[in-house]
Structure formats: structure tokens, C-alpha cells
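See below for the structure under consideration.
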Amino acid sequence: MHKETNLSAVHAGGTLSVAPDKRVGVVWSEWNPEITEALRDGCLETLRAHGIKSIHCLSVPGSFELPYAAQQLILKEGMDAVVCIGCIIQGETRHFEFIAQACADGIMRVGLDNNTPVIFGVLTTQNMAQARDRAGGTHGNKGVEAAYTCIKMLSM
Ligand code: DLZ
């Protein structure tokens, strides 16, 4: 049986560092707030633990809006990187594929177009239980992993 690695624990063993003057945006979706707020909190805690002091927080109605918000944070607020956090649950969402694909494509595009790391911290799960497992449950907290990814990309 496939066993998913808890990457939160793997990353925590590393020695990542980032310049303290870097500015990071964290934007999260208000859909499935039980999940996205847990991911957001894990992300913020990890960024702060690594010395990042300037963090601009912003919420958006849904994951579909994450790419636009990330672009605003880069162009208008001068962020050096943005972490996008969302949760799209297949069982409860008829247009799951449209939202998930648009969100992933948009996040990639905003990052490349603006030459700025934009991190995909969006869960796409079949049900709420799988989402809970990844928002502080048995598979760790993917918001923490998104923060580590952001720190690593900032140090490039
Ligand atoms: C409409 C919608 C649905 C059905 N499901 C989700 C979801 O599971 N997760 C999520 O983040 N957002 C969802 N949305 C909202 C869309 O992302 C978007 O906010 C609306 O379609 C308005 O553009």
C-alpha cells in the first residue's frame, strides 16, 4: 500500500535560512476554513520561526481567486514571495477539476510572469478526512511544508 511521507517532519530536520529583510505574502481561501486556517497558522509559525518579520496576510473568497491576489501582493505590495493556501474537496465540489486546474495554472503563471516564487499550498482531496490528515493530522501540516518551500525558493 502507498505510504505518504510526512514531509513536515522531513523538512523540520533541515537547516534552511533566509535573509531577514525578505517580505512574504500569505494568502488563503475562505472556503473550508477549518482546513485553510490550520494550514495558514502552520505556515505563519514556520515563516516566523525562520526569522521572516515582514508578512502580509490576506484572505480571498475561494481558491480560484488565489492567483489574482498573489499577483496583487507582488505588484502592489512588493512581496518577494507569496504562499497560496487553499482546500478544494472533490466530494463536495462539482466543478472541482475546473477550480483546481485554474488555480494551479494561475499560481504557476503568476510566479513565472513576475519572476517571483509563488508557492502552491492548496490541498485537492477527495474528502474532508483527507484534508484534516494534511492540516495537522497524520500526514503533517502542508502549510508548514509550503513555508519551507517558500524559504528554500527565497534563498535561490
Ligand atoms: C464555488 C467553489 C466550490 C464549489 N468549491 C470550492 C472549494 O472546494 N474550495 C475552494 O477554495 N473554493 C471553492 N469554490 C469557490 C471558488 O474557488 C471561487 O471562489 C468562486 O467560484 C468564485 O469565483
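The values are calculated or read from the model by the stated rules, or taken from the named source; none is laboratory data. This is a predicted model, so every value here is computed, not measured. Cβ coordinates were reconstructed from backbone atoms using ideal geometry, including for glycine residues, and neighbour counts include every protein chain displayed. The area values use the complete protein model at the heavy-atom level, side chains included, leaving out ligands, DNA and RNA. Shrake-Rupley method; radii C 1.70, N 1.55, O 1.52, S 1.80 Å.
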Name the residue that is nearest to the ligand (Cβ to nearest atom), counting only residues in the stretch 51-91 that are more than 25 Å from ASP133 (Cβ to Cβ) and of a type in the set (Val, Ile, Thr). VAL82
Residue hits (the stretch 117-156; open to solvent by less than 20 Å² (accessible area, probe 1.4 Å) and among the polar types (S, T, N, Q)) are THR125
Within the stretch 13-33, which residues are β-branched (Val, Ile, Thr) and at pLDDT 95 or above? VAL24, VAL26, VAL27
In the stretch 50-90, how many residues are modelled with pLDDT of 95 or more and assigned to a helix (DSSP H, G or I)? 13
Options ARG94, ARG40: the member that is under 14 Å from the mean Cα position of the chain (by Cα), open to solvent by 40 Å² or more (accessible area, probe 1.4 Å) and either modelled with pLDDT under 95 or within 15 Å of the ligand (Cβ to nearest atom) (or both): ARG40
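Okay, residues lined up against (1) in contact with a Pro (Cβ under 6 Å, 6 or more places away or on another chain); (2) of a type in the set (Val, Ile, Thr); (3) part of a loop (DSSP other than H, G, I, E, B):
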{"position": "ALA104", "(1), (2), (3)": "no, no, no"}
{"position": "ILE107", "(1), (2), (3)": "yes, yes, no"}
{"position": "LEU112", "(1), (2), (3)": "no, no, no"}
{"position": "THR116", "(1), (2), (3)": "no, yes, yes"}
{"position": "ILE119", "(1), (2), (3)": "no, yes, no"}
{"position": "ALA129", "(1), (2), (3)": "no, no, no"}
{"position": "ARG132", "(1), (2), (3)": "no, no, no"}
{"position": "GLY143", "(1), (2), (3)": "no, no, no"}
{"position": "ILE151", "(1), (2), (3)": "no, yes, no"}
